[in-house]
Amino acid sequence: MQFPRARLAAAAASALIVGASGFAFASQAQADIDVIAIGEVQGSIAEGDADFTSPRAGETVYVQGVVTQETLDPAGNKGFFLQERADATDGDPLSSDGIFVFNNKYATVRTLNGSPAQAELGANWTVKVGDEIVVRAVVGTYYGNIQFSGGSTYVYDVVETGLDPLAVVAAPEIDPPDEARASTEYFRRHLGMQMTVPADSVVTAGRDVFASTGGEVWAMRGDSAAAAQEGYAARAYRDAHPLDTAEGAFDDGNGYLFVMGDLGIRATEGNLDAIIAPAKTYDVVTEANAGGVYLSYSKYTVEVAEDLALEGGFDPAGNEPVEPAGRNEAAIGSYNIENLYDLRDNPNSECDFEGDAGCVDPEDPEGNVDAPFDYVPATYEEYQARMEREAAQIVDDLHSPAILMTQEGEAQDVCSVNPEWTKRSDLGEDRLVCDLVNTGDANEFSDGAPDSLQELALLIAEYGGPTYQAVGDLDSADTRGIMTGFLYQPKLAGLSKARHWDPVLGDEPEVDYPTEPDAINADVQNPKALNAALPDAVIDQCTGSGVYACNGFDVFSRPSQVAKFYLKDKHGRPASEIYLINNHFSSGPNTRVLHRTEQANYLAAISAAILEDDRKANVLAGGDLNVFPRPDDPFAEGQTIAGDWTGPSDQLAGLYEDSGLSSLYDVMVEDHPEAAYSYTYLGQAQTLDQMWASPRLLKRVESAVSAHINADYPADAYAFGEEPAYGAYGVSDHDPEVVTVRLR
């Protein structure tokens, strides 16, 4: 294999020396080095290989390649991709011809002492795209990414300059196989290489944003089977979804998907605040774009060098939109409002304001919260803008449900509505009057209404929507202070009186669960949080991470919350009562598996207690269950979960078998399968947010819909100086759900 040189040392112009590897060099200095192929560093990845480590890990090697692209992350860390010329590789299609060089904050790499590069350039070589260089480096890895580090990398020689990288190196069009394992092998064989995203690729998930890496957009080729599906079905669904392109509940894992990142865009623009274009699902990439393949957080990402050129596709919000409730109907919604914290320093919390020490729970060390608190808004203006967008969604897209169950509001009650507030008063942060000094019962303005929900209700009214009342039991909060809650229109619904004999709201709840109930269960109130200790058999298996991870030793880190409402007819008279059970299970479908299974069992026991007391009761359980409904599962049949435990995990089995409730996801799949999802992850549509109805209520259900106004749209990028690209859309990472029922 020949390594071309643009210049020759004058002193060695007449000499030709053969080095240890048989390569021809122009001087004695070069003859002393052994240049190997980058493919030898990356290793050959055969089909079925499970070990992706470098066969040269930890060794010091010499390689030669063209600088194809620079990178820059949001923290200012720099790097570059190095790739061999297309005619100077090892010829092995199973090994990559490129590698990433991490260079910390530096724009230069040191030259090797006594090398031709040092003789010509001095102590440092300035990183430049189009330079062909020989480097000496130690083979390292960072979370699986085979790479060199600038601290142990030295430039031995600059062979040629001014090259057009894409003219001399291979940059194949992305065309991953459908099967997920094969797709991982495919990208591993291209790790560090340039790859080309073809024009007509279709976005499958709106841009997500991460503080450490910037933004990412998931896509598929325009000629893929999923892209060829009709209308709104032209996207990627998890394998178990009926519109997945392959038969079977657990088949190929949608390996045809790929993800584009913006480390290259930031370097090209020389701007730390540069971020990949705000794409939404169904957008089409109109111009081919190339970038190096980088592995981070188990994702092989194409770090495109230029920003995406996009053409708008279908509008996700038009996919089975919510219809207003009709005559003698009532709508009930559920909405994860994603960390709706205000900017006030809650005297009852140590983890909601700059300067707070953090929150610690001895029984839930995994839930401990340390500063900085990145879920707290930077300014009141940002917080208000967020509420204004959510208010617009609730009015315009959800059509103002009679009752709205919420998840991830702040568990804070130290404020009341300012007596001077009106819909037109424009009081800003003075909408509420607050006591930010006194704690607990001594607080002057604690009124039973969680503050962020109460303020959201005022913003809804200011937007032109109806009057809502906020209620919630602060005992439903977790350590860091997010809770479930309720917004209801007094014109359309009211809270029933809590009776001491009520099967769940009373002083002796009839929840049949095999452990000791928490003290809060004895409270007689509406709404009411319920919880209990985890069974010893579960606690004995609890670990700090993985499938056996536990968030403390209670069933819920965020207790289930029950509220009993009466719905009103057109004359304002009570028409029927309904129990709502609001939930936010522990996160991560493939972690905390035992704990989440018990959460489903306890929810089933709450529902069963209500229905055993009154089999005709109207019960609607909902919220963010953080795991998929049947037949989907994070573990395929036969897949190892842990030890001898194999899939499926069937974490919601208690709900299906013991709750007396029916999943309304099944109604959605039957009625409008293309819209049956509430979340996107790794480029795929999936369902985490769910509603479950009792037999009597199920007969009265007119519709059950996910409003696709968030998950398919780009996430906010305030940290990068960008305003929301689609107005109110994309304000949360979850799509809300709305169920419309007949009053009688």
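Throughout, read-outs are computed from the coordinates displayed, never taken from laboratory work. Because the structure is predicted, anything quoted here is derived from the model rather than measured. Counting neighbours? That spans all protein chains shown, and the Cβs are built from the backbone with ideal geometry, glycine included.
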Which pairs break 22 Å Cα to Cα here: Lys423/Lys570; Lys105/Lys280; Lys105/Lys128? Lys423/Lys570; Lys105/Lys280
Magnitude of the Cβ-charge dipole of the range 180-314, K/R +1 and D/E -1, about the Cα centre, nearest 20 debye? 360
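What ranking do 677-685, 531-539, 573-581 get when scored by the average of other Cβ atoms within 10 Å per residue, highest first?
Working: 677-685: 22.9, 531-539: 17.0, 573-581: 19.0.
Ranking the peptides 677-685, 531-539, 573-581 by packing returns 677-685, 573-581, 531-539.
List the residue ranges in the chain for DSSP H helices whose C-alpha atoms run 20 angstrom or more along the long axis and whose Kyte-Doolittle average is -0.5 or above.
Numbers: long enough: 593-613 (30 Å, 0.27).
Those that clear 20 Å and a mean of -0.5 are 593-613.
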Calculate one ³J(HN,Hα) per residue across the range 353-361 by plugging θ = phi - 60° into the Karplus curve 6.51 cos²θ - 1.76 cosθ + 1.60, and present them in order as whole Hz with x for glycine and proline. 7, 4, x, 5, 6, x, 10, 10, 10
Amide H contacts under 5 Å for Val127, placed H, 5+ residues apart: Thr108, Val109
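Using DSSP, restrict attention to beta bridges with both residues in the chain and report what percent are antiparallel, rounded to the nearest 5. Don't jump to the answer; show the numbers that get you there.
Details: 106 of 129 bridges.
Percent antiparallel among DSSP bridges in the chain is about 80.
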Lys564: which lysines have alpha carbons under 25 Å from its alpha carbon, excluding same-chain residues fewer than 8 sequence positions away? Lys491, Lys497, Lys528, Lys616, Lys699
Mind putting together the pair-distance distribution for the range 522-675? All Cα pairs, 5 Å bins, whole percent per bin, short to long. 2, 9, 16, 20, 19, 15, 10, 6, 3, 1, 1, 0, 0
Quick one: 3J(HN,Hα) in Hz for the range 142-150, Karplus 6.51/-1.76/1.60 with θ = phi - 60°, rounded, Gly and Pro as x. 9, 6, x, 7, 6, 7, 9, 10, x
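State the three equivalent ellipsoid semi-axes of the range 265-353, derived from the C-alpha gyration tensor as the square roots of 5 times its eigenvalues, in descending order and whole Å.
Numbers: eigenvalues 265, 150, 30 Å².
Values for the range 265-353, descending: 36, 27, 12 Å.
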Got a sec to turn the phi values of the range 518-529 into Karplus ³J(HN,Hα) couplings, 6.51 cos²θ - 1.76 cosθ + 1.60 with θ = phi - 60°, whole Hz, x for Gly and Pro? 5, 4, 5, 5, 7, 5, 9, 6, 8, x, 8, 8
Based on the inverse mean of 1/r over its pairs of different Cα atoms, what is the Kirkwood hydrodynamic radius of the range 317-742, in Å? 21.8
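Report the FRET efficiency, 1/(1 + (r/R0)^6), for Asn368 and Glu247, where r is their Cβ-Cβ distance and R0 is 41 Å, rounded to 0.05. Could you put the intermediate results ahead of the total?
Working: r = 45 Å, r/R0 = 1.10.
Rounded to the nearest 0.05, the efficiency is 0.35.
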Summing +1 per Lys or Arg and -1 per Asp or Glu among the other residues with Cβ less than 12 Å from Gly292's Cβ gives -3
Rg and Dmax of the chain over Cα atoms: what are they, in angstrom? 29.2, 104
Per residue, what volume in Å³ does the Cα convex hull of the range 180-314 take up? 102
Of the listed peptides 173-182, 92-101, what is their order by residue-averaged count of other C-beta atoms within 10 Å, with the highest listed first? 92-101, 173-182
Relative contact order of the chain, pairs being alpha-carbon contacts under 8 Å that are 6 or more residues apart, as %: 11
Convert 20 °C to kelvin, take the viscosity as 1.002 mPa s, use the Kirkwood radius over C-alpha pairs of the range 47-172 as Rh, and evaluate the Stokes-Einstein diffusion coefficient in µm²/s, rounded to a whole number. 143
Projecting the Cα atoms of Gly264, Gly206, Ala279 onto the charge dipole of the range 180-314, where Lys and Arg contribute +1 and Asp and Glu -1 at Cβ, the residue farthest towards the positive end is Gly264
Mind checking the dipole of the chain: about its Cα centre, +1 per Lys or Arg Cβ, -1 per Asp or Glu Cβ, Debye to the nearest 20? 760
Taking the dipole of the chain about the Cα centre (Lys, Arg +1; Asp, Glu -1; charges at Cβ), the one of Cys359, Ser446, Pro695 that reaches farthest to the positive side is Pro695
How high is the FRET efficiency between Thr422 and Lys105 when r is their beta carbon distance and R₀ equals 41 Å, given to the nearest 0.05? 0.15
Placing unit charges on C-beta atoms (Lys and Arg positive, Asp and Glu negative, everything else neutral), compute the dipole magnitude of the range 10-166 about its Cα centre in debye, rounded to 20. 660
For Glu329, the residues 5 or more places away or on another chain with a placed amide H closer than 5 Å to its own amide H are Leu743
On each of the three principal axes the extent of the alpha-carbon atoms of the range 288-435, given in whole Å and largest first, is 59, 51, 34
